[in-house]
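Structure record follows, encoded as structure tokens.
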Protein chains: 2
Amino acid sequence: MASFLGIFTKRNLLVLSLALNLSLVLRVVYEGGKDGGPHGFSVEEQRGPSMADMGFGKEAQATQRTRLSVSSSSDQDVMEKVINLDHGDPTMYENYWQQMGGRTTVVIPGWQSMSYFSDVKNPCWFLEPEFAKQVVRLHNVVGNAATDGRQIVVGTGSSQLFLAALYALAPKDGSEPISVVSAAPYYSVTKNLFTCWQIKAKSNASSYPSMTDCLKSGLYKWAGDARSFNKEVPYIELVTSPNNPDGFVRHSMVNRTGGILVHDLAYYWPQYTPISSPSDHDLTLFTVSKATGHAGTRIGWALVKDLEVAKKMIKFIELNTIGVSRDSQLRAAKILEVMTNTSENLGSFDSHESFFKISYHLMAERWQLLRAAVNRGRAFSLPDFTPGFCHFLNQDSQPQPGK
Amino acid sequence: MASFLGIFTKRNLLVLSLALNLSLVLRVVYEGGKDGGPHGFSVEEQRGPSMADMGFGKEAQATQRTRLSVSSSSDQDVMEKVINLDHGDPTMYENYWQQMGGRTTVVIPGWQSMSYFSDVKNPCWFLEPEFAKQVVRLHNVVGNAATDGRQIVVGTGSSQLFLAALYALAPKDGSEPISVVSAAPYYSVTKNLFTCWQIKAKSNASSYPSMTDCLKSGLYKWAGDARSFNKEVPYIELVTSPNNPDGFVRHSMVNRTGGILVHDLAYYWPQYTPISSPSDHDLTLFTVSKATGHAGTRIGWALVKDLEVAKKMIKFIELNTIGVSRDSQLRAAKILEVMTNTSENLGSFDSHESFFKISYHLMAERWQLLRAAVNRGRAFSLPDFTPGFCHFLNQDSQPQPGK
């Protein structure tokens, strides 16, 4: 058993612990909850009262929602219904957007946006100008990323942008594929856990290693943990901060300089972590799914300093999907616009409608619930994060990982 | 000169001829047109009268449209504005969809379709059930593809599905990449033409060879023209019918059996070619962009007989884009629903509103214009296609390639 555990780092174990904890919390609430009724409970219903405290008490009627519900039939059913942890499906923000009502509704006539082209004057010809405008506006208001002098590249989620970055940064004439590394634990652990538990999981577990290596590319290859990478060869390091899945703030971990860095800042938003300063990297990835909760919309964006790198990313997206859905960009633009407006109390929005303030409290509430449940046992523990001053919320705030 | 020409097949030359013809037609109309005014003309305006004959006379007000316009400033300007031929940007159907008005409008509230998951019970968990339903309905009404016993896989355009098919069909443990072939001329010629003419084209020219080889995959590699492929190794043959760019009906061209076939039937719709019978292949690709003209929506679909192949395609799409935009699928579903309803005179639709009948006449009109212009000179010619009986239109109809 000791040697078996020896293959894990402390962080691996932490993540294992977190995942088990979540499962246990669900069981605890399931067995001890009062509101669940005979057929189970839904997480959305559990958080109802606190949302009510913030003026969001009316249980809205959501259609097409995927609830994280647990039935009472069997253990197997329970486990099968926990699998959405795999991607941290962010339906927790649904209630908020329902309360925003028609202000975030998009109306797209049948004849609109038919052309492939969104903006023929932009190197990223498939980038909707309105989406680009709202990205810049949001970053300026939140203060989490510098946008001046960057080319915005829109992608079909940040997964596509990650692959586009590898394509753009890898030498085309190298004698062997460039190494791609990231500090463990990285975006793949839940998949391993599911395999470990022999759960017949919905096979939607993507991960940096499997994404990188799925086509056995001659341009790049996965080379494992950045901490132990010591080859004297060129490399691309993916820096995910706050990290998925453990939530810690990250910097480059390879023990030398000269690597090409790609920063995945999907969780660098006020509800998940204190916003200390605007990020200012060469190539930074963001995604609507984590920022706003609209995972089904499949929109991400990259801020890229070097125009030639951006052009290669654009080429990759042309070759793979001939651009990015214009409908989804228009919808994302509307959502981002409302987020920014609620943050600035613009238009018809009151201060108590701020998306980031409400989602910060929502995350705090969920972490309190998790900690309370874990504290009822002794088998597992949760990490303590160091609070920091958030310049957006203008207060000390707790890191509250979204996964 | 003779040896230079010798490297081209007759079909290469035909395509070269067609492309030059299109350029000349634009020049002819530009120099001789009466409606263009001092600053040029737009193709949409040219077709106005005939659309009027079919009850579509009112010039609708399109916003966000990309017109194929030609300015009068210089040759370079002219050439730069012809580049949309590269993808055959299908904005010619805009007028039709404007006339359909609110019946094709989609309204998406901010809280809708937030989850990654569209249908957790479907192997293709990111497939919107309503989109799948409308795909089946449309194929059944048009009669261009058998859908029974097929898994529908939705993709971010058919480009993504083509790559997903290569991933799914290539052996994962082969000693070398499987060969991918297609009969020339294939989807790449316009790019070569632009390079030939040293036009600084918008670099959006994707093509089967560049899509296949862009990542130097160890799973598959481009192996050229199917007609001359004679290696005794496994291969995947892409059969595009009607073919892009020359419009001819195609079958497998490799001179032996045993290949794995992928059928790209993007143009197998009544406005482009007679519908002779429902296609019944192992793996068939379609795309909304060519069927309905909604290129900016980035939605395609595959009909796949073997569920295990479908699952691998689904895995590829997970790894690359974690599914397909749900907003776009909902919009595409609405468009397909209206297409089918107009074909069946259902709901509020009259017989003169049939999408396929109107678009068939629109294509006929454009080909008449093209032939008339080409006939004014002697340098080039257009191919004569063999008419066939179209079971959908219930009449003999002419092939009318869309590119």
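General observations
- Candidate set from the stretch A:292-309 (those that are within 12 Å of chain B (Cβ to nearest Cβ) and among the hydrophobic types (A, V, I, L, M, F, W, C)); member that is nearest to the chain's Cα centre (by Cα): A:A295
- Total residues in the stretch B:116-160, condition under 16 Å from B:L285 (Cα atoms), of a type in the set (V, I, T) and open to solvent by 10 Å² or more (accessible area, probe 1.4 Å): 3
- The listed residue being in a helix (DSSP H, G or I) and open to solvent by 10 Å² or more (accessible area, probe 1.4 Å), out of B:A372, B:A310: B:A372
- Members of the stretch B:239-257 that are at pLDDT below 85 and either open to solvent by less than 10 Å² (accessible area, probe 1.4 Å) or of a type in the set (V, I, T) (or both): B:D246, B:G247, B:T257
- Any hit, the stretch B:137-160, residues being among the hydroxyl-bearing types (S, T, Y), touching a His at 6+ places or on another chain (Cβ under 8 Å) and either over 30 Å from B:E353 (Cβ atoms) or not assigned by TED's automatic domain parsing to the domain that holds B:S276 (or both): no
- Evaluation of B:V82 against (1) more than 9 Å from every other protein chain (Cβ to nearest Cβ); (2) open to solvent by 20 Å² or more (accessible area, probe 1.4 Å); (3) at pLDDT below 95 (one fails), failing number: (2)
- Within the stretch A:288-307, being assigned to a loop (DSSP other than H, G, I, E, B), under 13 Å from A:V135 (Cβ atoms) and not polar (S, T, N, Q) holds for one residue alone: A:I299.
- Filter pass, A:G323 being in contact with a Gly (Cβ under 9 Å, 6 or more places away or on another chain) and in contact (Cβ under 8 Å) with a residue 40 or more places away in the chain: yes
- Of all residues in the stretch A:316-341, exactly one satisfies the criterion of being touching a Leu at 6+ places or on another chain (Cβ under 7 Å) and open to solvent by 10 Å² or more (accessible area, probe 1.4 Å), namely A:N320.
- Given (1) touching a residue at least 60 places away in the same chain (Cβ under 8 Å); (2) assigned to a helix (DSSP H, G or I); (3) facing chain B (nearest Cβ under 10 Å), index of the condition A:A333 fails: (3)
- Hits in the stretch B:97-115 (condition: within 25 Å of B:F356 (Cβ to Cβ), outside any helix (DSSP H, G or I) and open to solvent by 30 Å² or more (accessible area, probe 1.4 Å)): B:T105
- Residue check for B:K231: modelled with pLDDT of 95 or more, farther than 24 Å from B:W301 by Cβ and open to solvent by 10 Å² or more (accessible area, probe 1.4 Å): no
- With respect to (1) surrounded by 24 or more Cβ atoms within 10 Å (Cβ to Cβ); (2) over 20 Å from the mean Cα position of the chain (by Cα); (3) polar (S, T, N, Q), the lone exception for B:T284 is condition (2).
- Each residue in the stretch A:116-133 was checked for being under 26 Å from the mean Cα position of the chain (by Cα), more than 10 Å from chain B (Cβ to nearest Cβ) and part of a loop (DSSP other than H, G, I, E, B), and 2 pass.
- Looking only at the stretch B:206-228, residues that are away from chain A (no Cβ under 14 Å) and buried (at least 21 other Cβ atoms within 10 Å of the Cβ) come to 2 in all.
- Verdict on A:A295 being in the same structural domain as A:V153 (by TED's automatic domain parsing), surrounded by 24 or more Cβ atoms within 10 Å (Cβ to Cβ) and of a type outside the set (V, I, T): yes
The values are calculated or read from the model by the stated rules, or taken from the named source; none is laboratory data. As the structure is a computational prediction, the values presented were derived from the model and not from experiment. Neighbour counts run over all protein chains shown; Cβ positions are idealised from the backbone, glycine included. These area figures cover heavy atoms from the full protein model, side chains too; ligands, DNA and RNA do not enter into them. Shrake-Rupley method; radii C 1.70, N 1.55, O 1.52, S 1.80 Å.
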